[in-house]
1. Quick query: amide H of GLY177 versus all other amide H atoms, modeled in the peptide plane; which residues come in under 5 Å with a sequence gap of 5 or more or a different chain?
2. For GLU570 and GLN222 in one chain, what is 0.36 nm times their gap in residues minus the Cα-Cα distance, to one decimal in nm?
3. How tilted is helix 106-115 with respect to the longest principal axis of the chain? Cα atoms for both, answer in degrees (0 to 90, nearest 10).
4. Would you grab the residues whose amide H sits under 5 Å from the one on ALA519? Only those 5+ places off in sequence or on another chain, please, with H modelled 1.01 Å from N.
5. For region 1-67, which GluC sites (Glu not before Pro) are in a loop by DSSP, counting at most 15 other Cβ atoms within 10 Å?
6. Karplus couplings for region 224-231 from phi (6.51 cos²θ - 1.76 cosθ + 1.60, θ = phi - 60°), rounded to Hz, Gly and Pro as x?
7. Along the charge dipole of the chain, which of CYS8, ILE258, VAL419 sits closest to the positive end, that is, farthest toward it, with unit charges on the beta carbon of Lys, Arg, Asp and Glu (+1, +1, -1, -1)?
8. Roughly how many debye, to the nearest 20, is the charge dipole of the chain about its Cα centre, given +1 on each Lys and Arg Cβ, -1 on each Asp and Glu Cβ, and no other charges?
Amino acid sequence: MCGIVAACARREVSEILLEGLRRLEYRGYDSAGMALIDNEQRLQLHKHQGKVARLEDAQAMNPILGCVGVAHTRWATHGPPSAVNAHPHLSGQRIALVHNGIIENHAALREELKSEGFEFVSATDTEVVVHLMHRELQGGLSLIDALHAVIPRLTGAFALAAVDTAHPEQVVAARIGSPLVIGVGIGENFLASDTLALRQVTDRFIYLEEGDSVLLSAGQLQVWDAERVPVERPVKRISTGIEAAELGDYEHFMLKEIYEQPRALAATFTRDGAGELDESAFGAEAMEIFDRTRAVQIVACGTSYHAGMVARYWLEELAGIPCQVEVASEFRYRKRVQHPDTLLVTVSQSGETADTLAALRHAAPGEFIASLVIANVDNSSLVRESDLAFLTRAGPEIGVASTKAFTTQLVAFLMLTVVLGRRRGMTPEKQQDLLQQLHSLPDLVTATLALDSQIEKVAEAFIQKHHALFLGRGIEYPIAMEGALKLKEISYIHAEAYPAGELKHGPLALVDADMPVVAVAPTDELLDKLKSNLEEVRSRGGELYVFADRNAGFTDEPGVHVLSMPHAPEALNPIIYTVALQLLAYHVALQKGTDVDKPRNLAKSVTVE
């Protein structure tokens, strides 16, 4: 949530800050702002409610210029979206500060500062931090020492960056529970929440560790660890191009990312050659850890949780290994009883999801034999803090509603199923069959994408609807959940998913002609039971939209609309049908005129609890 960009250079940096915000807008778009220190050591500020474009307009009409500055795009937590609640926040017209995360003890700090004469103008938790820094600066501390004095007073998770007119060449920053990365230039240095924001100015990055703080200037870079001991963090070069984060010829990032899935899926599994699966893709110690694994506990949030639910079917049915799946925000707050020799698997597109990271950190000593993360971002917190890591190769995903990140997670889980299945009696022939299926996956997804125009026509029936029901059985139930989530995320249609067999236990009361019912219907052992469940819908006047295998025996008739899907191996059906439901959600949102890439109230990287 929220995005930070900061710069220290010997050149003017306002456009660098703006470009960084454009690239980080997927993290929050309720408001945006930037503050620069000009050549006369004065603080210059623009901030506005709405998207970064509002800030760009303000800068075009009344430019503010400087070589040192901070900028921010906000996803509101404390206080509604407004110009006054937008970041940066100021104190005494000398210090400007931006903040990601939540200060949990802000109310007590606010009262303390108000009693000392500090005036508050916003409803945010952030404003207490800038006033605390100002108080320390008034006491004669340097900018970095003021930051170090304030951090112990704060409870919560945060990333902070600040500038001060009395230290006009410096930016200071710190991170606890929210990511920050330094961009290393030549005679200039930068800071951001994500490397993506800075790829236009550098390809060299320093990933700050938990508790780190930093002092930047154009010619200086100093990092301190959580104990305030000076440290050197390694500089890592990112050599991949940035074109994957650019829109190209597509109207929306979501559509671009849907169409990138054949490439992303292939890139995720073909690292291991034509027919083999190298376990080192999971980490150097993977073989020894997998040898000892007797059960799996998956922890994730949102779309990644749905990936875990699919994985449970694969792991138990194909690999014969017990598997539990739980939402991270619940997992971390309950007492648990684990199977002996359980592997903890966390799943996160960004590798920074706050609840998932907290679940990893709060695992009791000895509760798990090891931890494995499936993530899309190298050097992210979950990757650094887990024993094993499998990096999907989806590339940057800008659209808030996850598409290619989800399907590459499924590929990772199918690969994990094979490597664990080897140890539990999966035959070499079955292993080879699953790997060959994976190699056929890009072509099957391409065939599904060819249905785009047909799905666009189906979407027309949803435009005036306010509710929708998604049904699936077995492994397709979590895919129905994912389809419902996509529809509600970007079209704002209330959508729910149920196992089709649960219809008669309550949801059937909702079915009428105004409630479209979407069914996921591949050919599998539960197909006949699903057909019976769908008859329950038809007999109550419900309107069915069936995404069905071309061999499943469904035909169009009054009240039943069939979209014929490619025939695929059973293990791959969850991925194939996901792609079709992504296209359905996209076209419904497009025809309704909602903001496809930046849906209201949501942000891409959820780094607050």
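Each value in this text was obtained by applying a stated rule to the coordinates, not by laboratory testing. These numbers come from a predicted model, not from an experiment. Note that we place each Cβ from the backbone using ideal geometry, even for glycine, and neighbour counts take in every protein chain shown.
1. PHE158, GLY211
2. Here the answer is 119.9 nm.
3. It works out to around 20 degrees.
4. LEU471, TYR545, VAL546, PHE547
5. In loop regions of region 1-67 (DSSP not H, G, I, E or B), the sparsely surrounded GluC sites (Glu not before Pro) are GLU40.
6. Per residue, the Karplus-derived 3J(HN,Hα) values read 10, 7, 5, 8, 6, 9, x, 9 Hz.
7. Result: CYS8, furthest along the dipole toward the positive end.
8. 500
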